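Engineer: To start, I am sharing the structure in question, which I have written as structure tokens.
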Amino acid sequence: MEEPPKDIAREEAEDEEEDLNFEELGLDPRLIRALIKKGIEKPTPIQRVAVPLILEGKDVVARAKTGSGKTFAYLLPLLQKLFTDYGSKNKLAPSAFILVPTRELCQQVFTEVSSLIELCRVQLKVVQLTSSMPVSDLRTALAGPPDILVSTPACIPKCLSAGLLLSASIDASLEILVLDEADLLLSYGYEDDIKAFTAHIPRRCQCLLMSATSSGDVEKLKKLVLHNPFILTLPEVGNIKDEIIPKNVQQFWISCGGRDKLLHILALLKLELVQKKVLIFTNTIDMGYRSKLFLEKFGIKSAVLNSELPQNSRLHILEEFNAGLFDYLIATDDSETKEKEEVNGERNAETRKSRKHAKQKLDSEFGVVRGIDFKNVHTVINIEMPPSVAGYVHRIGRTGRAYSTGASISLVSPDEMEIFEEIKAFLGDNEKKDSDLITPFSLLSKNAVESLRYRAEDVGKSVTKVAVRESRAQDLRNEILNSEKLKAHFEVNPRDLDLLKHDKVLSKNPPAPHLRDVPDYLLDPKTQEARKFVKLARAAMGNTKSARHGGSKKKFKKSGDPLKTFSTEAPKRSRNGGAKREDKGSDDRHKRKKKKSI
Ligand SMILES: Nc1ncnc2c1ncn2[C@@H]1O[C@H](COP(=O)(O)OP(=O)(O)OP(=O)(O)O)[C@@H](O)[C@H]1O
């Protein structure tokens, strides 16, 4: 049996192969043209090494840092193979399965494949499935059958047991299997689903496993699914630790008391000391709403993203943020809790039960951090520190994607010093103790923070637990209504991104005018300098438009707004449990309110 040369990837990527372009990788001209239309001209290191191997038909395990272009590294050769090798076959099941841990990723990969297929003008059909889809929708999606299936793993056993996918058909048709974000698949509780599926994977099927970090789970999956794979590690995770986070991301931290976190976030945003767009992470949903409510009292609008919101709304919030419709997104990252459950041995049978239970409220297939390709995020802010090093790496990886630059700022309270030290120790170079990769954020002075303290504390008092609870419930109600409309709208206009806003003000009282603007006397000379510096940097990067005034707005048709075109006759074939709860009364209520909400 052929022994795979383990380090081939790194050497090739770093040496003479560095200038290889997509043509030299053997990529089909249609794909190259599609990439050029997307503004992508040269391959990233992982693409340089993975594409030729995958085209040759090798099994590959690819580990490369966040934002390094792993998706195209497998999608491009996969599509090319479907164009040529497997396209013409008379199939009874899809030729390619791409399994991802979350719905958000499902949607992201589906969108990316669909857009490549369209740009290449080839006749390939791709569908996305999630486990909450009713059997009738799954049947419709699988009719044909499609060439490519993008799904969470839980969906496959469901399709098998419902007879929608047959073992014999998979055996005859399946040529490529991709496990994307492999390090997360098991911790999301998919081990049994993947095991159930492996029995049906034909021996000849080419298997690809993509991951940003290495872990026991990745090893487990590797053994379960792959045959003598090529291991591509870029860079070698574990040896070059500072390479785990891209060099183009500057990492900062601010020491502050737990009770001063909102004050600090206010200072950073209100004094314009950070580059937009900004992705803000919290550990709990309540903290997400608390932050939103607090900021909106100062005229800073933001949208919230969390596992409680209906799927259609979540996907739409992501699309809008990516399209530049708003500058601040507050995301609750609770994937850590799931990983902790895994560590505590609560997964598998037990956890599956609790997952089902949890689903009534939170979506266990939600994942806001891993793999989601937030576009043009210049700054990531951790209001609260993630509970683990991996969590930190993945959050920070939402900026500095591919060849872009970014910054991260972590607000660290005394309670969080332990995890912060752990993160620093992991990322730092042990031999040079002073060479910390995470440095203090010098643009925000103590004076600048103190100048806002009085206002912040005053406003902070009004953001009570009750106000947070009410806003959370209100937002959920809004989004359940939005979700149904979005679904109906996107069934008819799948490509249309409309002007439905997710960053509208939740608090009952509008922000007081005197809190909207920061008077000059509150700005000390150092802060004024810092503001100028950030503005100059923004201009140098060509990032001068705020989201609200960005050009992307023009693309959206007013006539396509589902809130304007929606009527009670709209189709109600929702797959979404939350959306189904909508009653006519609430719809009418919404109609009365709809003018306000746009
Ligand atoms: N060759 C390239 N040149 C420029 N941009 C690229 C290239 N390849 C991919 N990108 C862009 O880089 C971004 C990140 O890519 P991708 O999402 O595949 O990263 P990833 O490695 O999967 O990250 P993560 O581990 O966080 O999922 C995307 O916006 C993608 O369009």
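Engineer: Tell me, yes or no, whether segment 76-87 has at least one residue that is within 11 Å of the ligand (Cβ to nearest atom) and in a helix (DSSP H, G or I).
Structural biologist: yes
Engineer: Can you report the number of residues in segment 139-168 which are out of contact with any Cys (no Cβ under 8 Å at 6 or more places or on another chain) and crowded, with 16+ Cβ neighbours inside 10 Å?
Structural biologist: Final tally of qualifying residues: 15.
Engineer: With respect to residue 177, determine if the residue is away from the ligand (no atom under 16 Å from the Cβ), assigned to a helix (DSSP H, G or I), within 26 Å of the chain's Cα centre (by Cα) and modelled with pLDDT of 90 or more.
Structural biologist: No.
Engineer: With the condition kept exactly as written, say whether any residue in segment 237-249 is at pLDDT 85 or above, under 20 Å from the mean Cα position of the chain (by Cα) and of a type in the set (S, T, N, Q).
Structural biologist: Looking for residues that are at pLDDT 85 or above, under 20 Å from the mean Cα position of the chain (by Cα) and of a type in the set (S, T, N, Q), one finds none in segment 237-249, hence no.
Engineer: Could you say whether any residue in segment 130-138 is among the polar types (S, T, N, Q), closer than 19 Å to residue 200 by Cβ and surrounded by fewer than 22 Cβ atoms within 10 Å (Cβ to Cβ)?
Structural biologist: Yes.
Engineer: Taking residue 34 as meeting all but one of (1) in a loop (DSSP other than H, G, I, E, B); (2) small (Gly, Ala, Ser); (3) closer than 23 Å to residue 124 by Cα, write down the number of the exception.
Structural biologist: (1)
Engineer: Could you identify the single residue in 62, 93 that is of a type in the set (A, V, I, L, M, F, W, C), within 16 Å of the ligand (Cβ to nearest atom) and not in a helix (DSSP H, G or I)?
Structural biologist: 62
Engineer: Please go through segment 213-236 and give me each residue that is touching a helix residue (DSSP H, G or I) at 6+ places or on another chain (Cβ under 7 Å) and within 17 Å of residue 101 (Cβ to Cβ), ordered by number.
Structural biologist: Within segment 213-236, 213, 215, 217, 218, 221, 224, 225 meet the criteria.
Engineer: Here's a follow-up. Within segment 391-413, count every residue that is at pLDDT 80 or above and either touching a strand residue (DSSP E or B) at 6+ places or on another chain (Cβ under 7 Å) or among the aliphatic types (A, V, I, L, M) (or both).
Structural biologist: The qualifying residues number 12.
Engineer: Based on what the data block shows, is residue 33 of a type outside the set (A, V, I, L, M) and within 14 Å of the ligand (Cβ to nearest atom)?
Structural biologist: Taking the combined requirement at face value, the residue does not satisfy it.
Engineer: Any idea which of 171, 192 is surrounded by fewer than 21 Cβ atoms within 10 Å (Cβ to Cβ), in contact (Cβ under 8 Å) with a residue 60 or more places away in the chain and not in a loop (DSSP other than H, G, I, E, B)?
Structural biologist: Among 171, 192, only 192 is surrounded by fewer than 21 Cβ atoms within 10 Å (Cβ to Cβ), in contact (Cβ under 8 Å) with a residue 60 or more places away in the chain and not in a loop (DSSP other than H, G, I, E, B).
Engineer: Answer with yes or no whether residue 67 is among the small types (Gly, Ala, Ser), more than 11 Å from the ligand (Cβ to nearest atom), on the phi > 0 side of the Ramachandran plot and part of a loop (DSSP other than H, G, I, E, B).
Structural biologist: Taking the combined requirement at face value, the residue does not satisfy it.
Engineer: Further, regarding this structure: Any idea which of 384, 346, 350, 416 is more than 22 Å from the chain's Cα centre (by Cα) and modelled with pLDDT of 85 or more?
Structural biologist: One residue alone meets the criteria, 416.
Engineer: Among 99, 119, which is the only one that is at pLDDT 90 or above, buried (at least 23 other Cβ atoms within 10 Å of the Cβ) and within 16 Å of the ligand (Cβ to nearest atom)?
Structural biologist: After ruling out the rest, the residue left standing is 99.
Engineer: Sticking with this structure for a sec: For segment 119-156: of the residues being assigned to a strand (DSSP E or B) and in contact (Cβ under 8 Å) with a residue 40 or more places away in the chain, which is nearest to residue 191 (Cα to Cα)?
Structural biologist: 151
Engineer: Which of the residues belonging to segment 393-416 are farther than 19 Å from residue 66 by Cβ and within 16 Å of the ligand (Cβ to nearest atom)?
Structural biologist: Within segment 393-416, no residue meets the criteria.
Conditions (1) crowded, with 23+ Cβ neighbours inside 10 Å; (2) modelled with pLDDT under 90; (3) not small (Gly, Ala, Ser), marked per residue:
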| residue | (1), (2), (3) |
| --- | --- |
| 188 | yes, yes, yes |
| 221 | yes, yes, yes |
| 258 | no, no, no |
| 265 | yes, no, yes |
| 289 | yes, no, yes |
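Engineer: Please verify whether segment 417-429 includes one or more residues that are within 16 Å of the ligand (Cβ to nearest atom) and more than 30 Å from residue 518 (Cβ to Cβ).
Structural biologist: Within segment 417-429, not a single residue is within 16 Å of the ligand (Cβ to nearest atom) and more than 30 Å from residue 518 (Cβ to Cβ).
The values are calculated or read from the model by the stated rules, or taken from the named source; none is laboratory data. These figures come from a predicted structure and were not determined experimentally. Don't worry about glycine lacking a Cβ; one is built from the backbone with ideal geometry, like all the others, and counts go over all protein chains shown.
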